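Asks: Structure incoming, see below.
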Amino acid sequence: MDDYQIDIQVLGLRNLQSGGILPVKKAFIQFNLKSLVSPNEGTALENIKTQPGPTGANPTINSSISFRVPLPTDPLYCPKLVCTVYDYIFVGLNQPLIGSFTIPIGELIHEIQAEREREIEEIREVIDGLNKIISGEVEIIIPSYNKESAINRDSQDSALQAENNNLIMAVKK
């Protein structure tokens, strides 16, 4: 298990429907952090709630939550964050359930890690290419550019060709 810092920007909720007679007043989200860890470790975590938002079925919450949680490194065992939406009615005396959803935290973490690995590999390829240029293994050729002839051309193909003349070409020795 590794500790992960999780940051979530909550923008809002859309198309909420009340389960009762009254319309949705002030919806809020409860993030069940205990759903991410084993019951033994869950005693140390507290669930996080957003503040009750503006009234209506489409509240803009615009909150940011952050927490640190231990998660398994194996993608097979990565949990999902269970989130529950409640309505804040009668100064909080009544909080009926509106709905729930899950956020696949484990899957997102592994997707981000795979993306970072791809980016690192691409950066290494660029660095290798630059090192070849610096060491002289690859020669840089900058083609000449005739500005007057590019202005006099009137077809799109020749304009594109003139743009391509500005490119730097690398040629192996």
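Asks: Taking N as the number of residues in the stretch 2-107, what is its Cα Rg relative to 2.2 N^0.38 Å? All intermediate terms of the calculation are to be shown ahead of the outcome.
Replies: On the way: Rg = 15.0 Å, N = 106, 2.2 N^0.38 = 12.9 Å.
In units of the 2.2 N^0.38 Å rule of thumb, it is 1.16.
Asks: Charges on Cβ only, +1 for Lys and Arg, -1 for Asp and Glu, centred on the Cα centroid of the stretch 17-136; of G20, S63, L97, which one is farthest towards the dipole's positive end?
Replies: It is G20, whose Cα lies furthest towards the positive end.
Asks: Could you work out how much longer the chain between L16 and I133 gets when fully extended? Use 0.36 nm per residue separation minus the Cα distance between them, nm to one decimal.
Replies: On the way: separation 117, 0.36 × 117 = 42.12 nm, distance 5.85 nm.
The L16-I133 span can extend by a further 36.3 nm.
Asks: Sort the following peptides by mean Cβ neighbour count (other Cβ atoms within 10 Å, averaged over residues), highest first: 16-29, 36-49. Please list the in-between numbers first.
Replies: Numbers: 16-29: 15.6, 36-49: 13.4.
Descending mean neighbour count gives 16-29, 36-49.
Asks: Taking 8 Å as the Cα distance limit and 6 or more residues as the minimum spacing, I'd like the relative contact order of the stretch 2-107 as a percentage.
Replies: On the way: 227 pairs, mean separation 36.0, N = 106.
Relative contact order comes out at 34 percent.
All of the numbers you see were taken from the coordinates with simple rules; none came from a lab. Everything numeric here is computed off the predicted structure, so don't read it as measured data. Here the Cβ is made from the backbone with ideal geometry for all residues, glycine too, and neighbour counts use every protein chain on show.
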